[in-house]
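I have a structure here, written as structure tokens, and I will follow up with some questions on it.
The values are calculated or read from the model by the stated rules, or taken from the named source; none is laboratory data. The shown structure was predicted, so the numbers you read here are calculated from the model rather than taken from an experiment. Ideal geometry is used to build each Cβ from the backbone, glycine not excepted, and the neighbour counts take in all protein chains shown.
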Amino acid sequence: MPNDPVRFDQLDPAIEARVNKLLPQMTLAEKVGQLVQIVPFQMPNPDEFAKLLQQAHASGQPPKLDPQPRPGIEQQIRAGQVGSLLNLTDLELVNRYQRIAVEESRLGIPLIVGADVIHGFRTVFPIPLAEACTWDPALLERASRVAAEEASAHGVDWIFAPMVDIARDPRWGRIAEGAGEDVFLGAALARARVRGFQAGDLQSGRRVAACPKHYVGYGAAEAGRDYNTVDLSERSLREVHLPPFKAAFDAGAGSVMSAFNEIGGVPATVNHLTLRTILRDEWQWPGLVLSDYEAVLELVNHGVAADLADAARLSMLAGLDMDMVSDAYAQHLTTLVDAGAVPEALVDAAVRGVLRLKLALGLFEHPYADAALADQLILREDSRALALQVAQESMILVKNAGGLLPLASSGQRIALIGPLADSRQDLLGTWVLSGRAEDVESVRDGLRAVLVGQEPTYVQGCAVKGDDGLDLPAAVAAAQAADVVVLVVGESADMSGEARSRTQLGLPGRQQELIDAVASTGTPIVVVLLSGRPLVVARLAEQAGALLVAWHGGIRAGRAVADILLGAVNPSGKLTASWPRTEGQIPLYYAHKNTGRPWEGAGTTQFGEPFKSRYIDAPNDPLFPFGYGLSYTTFGYRDLRVETPIIGNDGTLIVSAVVQNSGARAGAEVVQLYVRDLVGSVTRPVKELKGFQRIMLQPGEQRTVRFDVPASELGCISLDMRYTVEPGTFKVWVGPDSTGGLEGHFEVR
Ligand code: BGC
């Protein structure tokens, strides 16, 4: 990165001076206007919208929303009643509305345009959960920068990402949007993404502010049902859910989106503990808090506000600065202040936040995006190449019996079977505002591009969902006539993401029947599994000779799959969320507690048998654990050295191990370091990731991998609810995943 990213989390005296000058000139109504974010078009009603989505799915094209402008929008902007627009990516319209704000409103305060650019703008990268499986923060920083470049060229100033919610429940469709189950990895990737979005030298000539979300605890929805109740202990909140937000702020994020959920009875939108005590008092963070979509209005449904006015009052009192589309502030805040129910000083503080962000973005000086640049900056060759690299590194080989992969690039008859083998739209995954199916290479396209002189036989076999199109005879015939089957199955793009919770995580529709039929032919099967979440696929994993987890991998996914299947690229991704054997194990995560009756070990004997924390009908451990992933080569680990067997609580743990490529191909390995605090004032996880390094090794090459872990990162929220690095003995492991590794000890004194 040539230039340092822009920071939006610090008070700049020059900006403060401008805010101090502007604020007293504003009427109360103009102040309130700055706190209002609207959708600039009329949304179709839910029935129409569902129909559009269906048509889009059938045609493989993005939904044709044909948005009509929101009635009266220009007048509202002119009157200073709007501070921000949501999800407008039409550059002409952005500039047109901006011109009204800047040139025709009384004070000329520019609008700020926010949008959901979750895994790329037009260059669609793999879904964030897949991106996380690269374990490559520098790469994701570059990917986020491409997203910011393209989005900002289209007039987007504010990106509603990264989504940093820790997710340990794959029933929750939004697990697709985050980094997975781990706090340490989540924090590292949050930092990288913020840095990328806020790159200081975008060629669009503009700046972008990241907006981490959803603050906080959203990923802990009961039963994995989106928007459901969250009831977290303050300890888990602080140890698991808050750190990625803190990391995003430390990297310079100057805004945050609050979550839909309640936390132990108090909705995040009005939560004084999280919005005031933690954000402002403890962290001294001066940034802007935006609600989620209609979350202020939803306080009525939550049952803590009597009506929209009450919701506006409670939100402002709690420290919620900007109202995303509820119209609660627009309709009620002026009256509430006039009636003395909300102090104007609170409104002022919120407005300051908005003005600061707009000033720091440079919007007063450069309010317009340059139309000439917009087309130049999208889908550039280097961006497409980066999307390919991210897709390649995000895919995880979880099984490769007998070295079935890589396939030979010629001389092998391949049957390509499955409902996702020739799909483009599905590879885009969830949340793609500007992505287009026509930009995507399907798996079939990818194989065509890399196979020398042969076209694989292709049979769709069945639909992704439902009963239509089942054609077992064609699939069986193709499998019988082939040396190897490449079976592309999984979830469609619309099965994960927001409001897409599932209770059964197997393959939808008739896909398992298709697989059973193909498996009955005895032709070896390579499964390419596309999904937005960990699935429950124990049967499939047995039937497959090789299994590649390829997610919804973005515009270059098909090519990346082909490169891996044919061996041009050696797979290197590692899972960042555990894959359960059965839904009944959920929530399932490696950093669990030991319990008083751990399932490993002898257990406590009662009634003549060991009573342990386990199931009588399934193992405790996952099908594929956190951190796991295979390569076409093998890696050996040896010579663990704990160079600092005793450290002070302000010291640094230094641990090294030798990792060797013991196979015949060059490959990348993600070396992982875990610790366990054996005795604490409170119970500690059986393992916690505290370091990782992605290294590339040539055949036979070995490297000493050294980790420096500051003792300050080994603490916990202790009995007195303070973050403390407690003295005591720790175990440490260095290994290829969360299950094994070389083991040592150290002591914190
Ligand atoms: C989602 C947010 C998103 C917002 C605006 C909400 O439904 O929860 O993640 O940023 O919509 O589109």
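List, please: which pairs have Cβ atoms under 9 Å, are six or more places apart or on different chains, and start with a residue in region 605-629 that is of a type in the set (S, T, N, Q) and end with one that is outside any loop (DSSP other than H, G, I, E, B)?
The qualifying pairs are THR605/PHE611; ASN620/GLN585.
Of the conditions (1) more than 17 Å from LEU405 (Cα to Cα); (2) touching a Lys or Arg at 6+ places or on another chain (Cβ under 9 Å), GLU513 fails just one. Which one is it?
(2)
Any residue in region 444-471 that's at pLDDT below 95: show its pairings with residues that are loosely packed, with under 15 Cβ neighbours inside 10 Å and of a type outside the set (Asp, Glu) at Cβ separation under 6 Å, as long as the two are six or more apart or on different chains.
VAL452/SER410
Restricting attention to region 147-173, which residues are farther than 27 Å from ILE586 by Cβ and away from the ligand (no atom under 12 Å from the Cβ)?
Across region 147-173, the qualifying residues are ALA147, ALA148, GLU149, GLU150, ALA151, SER152, ALA153, HIS154, GLY155, VAL156, ASP157.
In region 60-87, how many are of a type in the set (A, V, I, L, M, F, W, C), within 30 Å of the chain's Cα centre (by Cα) and at pLDDT 95 or above?
3
Still on this model: Cβ-Cβ below 6 Å, separation at least six or inter-chain, first residue in region 255-277 and away from the ligand (no atom under 16 Å from the Cβ), second assigned to a helix (DSSP H, G or I): which pairs?
Hits for this filter: VAL270/LEU314; VAL270/SER315; VAL270/ALA318; HIS272/ALA318; LEU275/ALA318.
Right, next: Where in region 380-473 are the helices (runs of 4 or more DSSP H), entirely inside, with at least 2 residues that are touching a Phe, Trp or Tyr at 6+ places or on another chain (Cβ under 8 Å) and of a type in the set (A, V, I, L, M, F, W, C)?
381-394
Out of all the residues in region 60-81, which are closer than 20 Å to LEU357 by Cα and either free of Cβ contacts under 8 Å to residues at least 40 places away in the same chain or within 16 Å of the ligand (Cβ to nearest atom) (or both)?
ILE77 - this is the single residue of region 60-81 that is closer than 20 Å to LEU357 by Cα and either free of Cβ contacts under 8 Å to residues at least 40 places away in the same chain or within 16 Å of the ligand (Cβ to nearest atom) (or both).
Just wondering, is there one or more residues in region 103-126 that are over 13 Å from the mean Cα position of the chain (by Cα) and in a helix (DSSP H, G or I)?
Within region 103-126, one or more residues are over 13 Å from the mean Cα position of the chain (by Cα) and in a helix (DSSP H, G or I).
Just need a number here: residues in region 393-433 that are within 20 Å of SER492 (Cα to Cα) and either surrounded by fewer than 20 Cβ atoms within 10 Å (Cβ to Cβ) or not small (Gly, Ala, Ser) (or both).
So the answer is 16.
What pairs come up if the first residue lies in region 721-732 and is at positive phi, the second is assigned to a loop (DSSP other than H, G, I, E, B), and their beta carbons are under 8 Å apart, counting only those six or more places apart or on different chains?
From region 721-732, the pairs are GLY728/LEU678; GLY728/VAL679; GLY728/GLY680.
Just a yes or no: is a residue in region 109-118 buried (at least 24 other Cβ atoms within 10 Å of the Cβ), in contact (Cβ under 8 Å) with a residue 40 or more places away in the chain, away from the ligand (no atom under 16 Å from the Cβ) and closer than 18 Å to SER434 by Cβ?
No, because not a single residue in region 109-118 is buried (at least 24 other Cβ atoms within 10 Å of the Cβ), in contact (Cβ under 8 Å) with a residue 40 or more places away in the chain, away from the ligand (no atom under 16 Å from the Cβ) and closer than 18 Å to SER434 by Cβ.
Now for a different question. Among the residues of region 206-222, are any part of a loop (DSSP other than H, G, I, E, B) and at positive phi?
yes
Also, I was wondering about something else. Can you name the number of the only condition in (1) farther than 21 Å from THR521 by Cα; (2) modelled with pLDDT of 95 or more that SER409 fails?
(2)
Select from region 147-191 the residues that are small (Gly, Ala, Ser), within 24 Å of ILE112 (Cβ to Cβ) and not in a loop (DSSP other than H, G, I, E, B) and list them in ascending order.
ALA147, ALA148, ALA151, SER152, ALA153, ALA190
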